Amino acid sequence: MKINQVNEEELLDLAELFKVFGDSTRIKILYVLFDEECSVGDIADKLNMTQSAISHQLKILKQAKLIKGRRAGKAMLYSLSDDHVKTIIAMGKEHIEE
């Protein structure tokens with residue numbers, strides 16, 4: 001694919017997506033969500049962080065469409081949006097291990 005085949009808006013969106021992956025806390029949250037849905041409290045406990053810090057990062061991940069949430073009673077459960085998220089992380093991990 002050549003640069004002139006991608007419009008400027010797509011390039012900006014792609015850059016914004018990769019910025020989201022530029023934070024280790026967000027990567028840790030994504031890893032937690034690889035295999036199961038979790039609440040904010042569950043994620044905070046697993047990462048030994050405050051719920052407010054996790055909530056802030058979840059908002060960013062949700063805006064980037066990397067995670068989704070569903071209500072279960074009073075709790076909100078979060079999961080990866082789709083398998084593309086796992087693929088992106090797996091490819092990045094493979095790249096740094098070379």
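Would you pick out the residues in segment 78-93 that are part of a helix (DSSP H, G or I) and either among the acidic types (Asp, Glu) or touching a strand residue (DSSP E or B) at 6+ places or on another chain (Cβ under 6 Å) (or both)? First the steps, then the outcome.
So in segment 78-93, the residues part of a helix (DSSP H, G or I) come out as 83-93.
If the condition is that a residue be part of a helix (DSSP H, G or I) and either among the acidic types (Asp, Glu) or touching a strand residue (DSSP E or B) at 6+ places or on another chain (Cβ under 6 Å) (or both), then Asp83 is the only one that fits.
With the condition being in contact (Cβ under 8 Å) with a residue 12 or more places away in the chain, open to solvent by 80 Å² or more (accessible area, probe 1.4 Å) and under 21 Å from Ala90 (Cβ atoms), I'd like the helices (runs of 4 or more DSSP H) fully within segment 21-77 carrying at least 2 qualifying residues. It would help to see each step written out before you state the result.
Details: elements: 24-32, 40-47, 51-63.
In segment 21-77, 24-32 are the helices (runs of 4 or more DSSP H) which contain 2 or more residues that are in contact (Cβ under 8 Å) with a residue 12 or more places away in the chain, open to solvent by 80 Å² or more (accessible area, probe 1.4 Å) and under 21 Å from Ala90 (Cβ atoms).
From Ile89, Ile29, grab the single residue that is modelled with pLDDT under 95 and within 10 Å of the chain's Cα centre (by Cα). Please lay out each step first, then the result.
Working: Ile29 fails: modelled with pLDDT under 95.
So the residue among Ile89, Ile29 that is modelled with pLDDT under 95 and within 10 Å of the chain's Cα centre (by Cα) is Ile89.
The values are calculated or read from the model by the stated rules, or taken from the named source; none is laboratory data. Fair warning: this is a prediction, and the values are worked out from it, not measured in the lab. Quick reminder, even Gly has a Cβ in these numbers, built from the backbone with ideal geometry, and neighbours come from all protein chains shown. Accessible surface areas use protein heavy atoms only, side chains included; no ligands, DNA or RNA. Shrake-Rupley method; radii C 1.70, N 1.55, O 1.52, S 1.80 Å.
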